[in-house]
1. Given points 7 Å out from each Cα along the Cα-Cβ axis, report the Glu72 to Lys3 separation in nanometres with one decimal.
2. Can you work out the accessible area per residue across the chain, with the rest of the protein chains kept in place, probe 1.4 Å, in square angstrom?
3. What does the charge count near Tyr45 come to, summing +1 for each Lys or Arg and -1 for each Asp or Glu among other residues with Cβ under 10 Å from its Cβ?
4. Would you work out which of Gly34, Val94, Tyr118 lies farthest towards the positive end of the dipole of the stretch 2-124, given +1 charges on the beta-carbon of Lys and Arg and -1 on that of Asp and Glu, about the Cα centre?
5. Cut-off under 22 Å on the C-alpha distance; same-chain residues fewer than 8 positions from Lys3 excluded. Which lysines are left, in chain and number order?
6. The stretch 1-91: percent of C-alpha pairs farther apart than 19 Å?
7. Can you list residues whose amide H is under 5 Å from Thr42's amide H, if they're 5+ apart or on another chain and H is modeled 1.01 Å from N?
8. Given a Förster distance of 22 Å, report the FRET efficiency between Phe107 and Arg80 from their Cβ-Cβ distance, rounded to the nearest 0.05.
Amino acid sequence: MEKVRKTDEEWRAQLSPEEYVVARQKGTERAFTGRYWNTTATGIYRCVGCGTPLFASDTKFDAGCGWPSYFEPIDPERVREERDTSHGMIRTEVLCNICDAHLGHVFPDGPEPTGLRYCINSLSLKFEPLEDE
């Protein structure tokens with residue numbers, strides 16, 4: 001997939017102020033406040049910046065952390081991981097590999113089959129329900 005590149009002005013025009021802070025400035029929404037943390041509908045979670053399908057509802061699980069959590073992305077090539085040492089912690093940041101939007105972090109405490117927990121900000125996602133829902 002081809003990289004999506006936009007100016008800061010273009011990102012600000014496309015995203016809500018809250019989405020911009022999270023997706024472009026690596027912000028984090030408060031736990032249990034995001035639009036998808038407790039969504040159970042069937043569908044696809046797309047990147048808020050470029051629309052790339054990132055996570056499927058059948059990989060979503062309730063981690064009890066207050067953010068949408070998934071045990072794997074739809075396609076590992078669509079997400080990128082980087083070391084994050086902000087806030088006095090060492091974590092693994094997850095970004096959209098197409099538009100570089102900050103999505104959240106991945107942790108090694110998820111369920112089988114991967115053992116991973118992709119802890120993702122709702123503000124970084126747009127949910128697309130399946131037609132028959």
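The values are calculated or read from the model by the stated rules, or taken from the named source; none is laboratory data. All values reported here derive from a predicted model rather than from experimental measurement. Here Cβ is always computed from backbone atoms with ideal geometry, including for glycine, and neighbour counts include all displayed protein chains. Accessible surface is based on the protein model in full, side chains and every heavy atom, while ligands, DNA and RNA are left aside. Shrake-Rupley method; radii C 1.70, N 1.55, O 1.52, S 1.80 Å.
1. 2.8 nm
2. Numbers: 7310 Å² over 133 residues.
In whole numbers, the chain has 55 Å² accessible per residue.
3. Values: positive: Arg46, Lys60, Lys126; negative: Glu128.
So the surrounding residues net to +2.
4. Of the options given, the answer is Gly34.
5. Lys26, Lys126
6. Working: 2079 of 4095 pairs.
Counting every Cα pair in the stretch 1-91, those more than 19 Å apart make up 51 percent.
7. Counting only residues 5 or more places away or on other chains, the set is Leu130.
8. Values: r = 16 Å, r/R0 = 0.74.
Efficiency, rounded to the nearest 0.05: 0.85.
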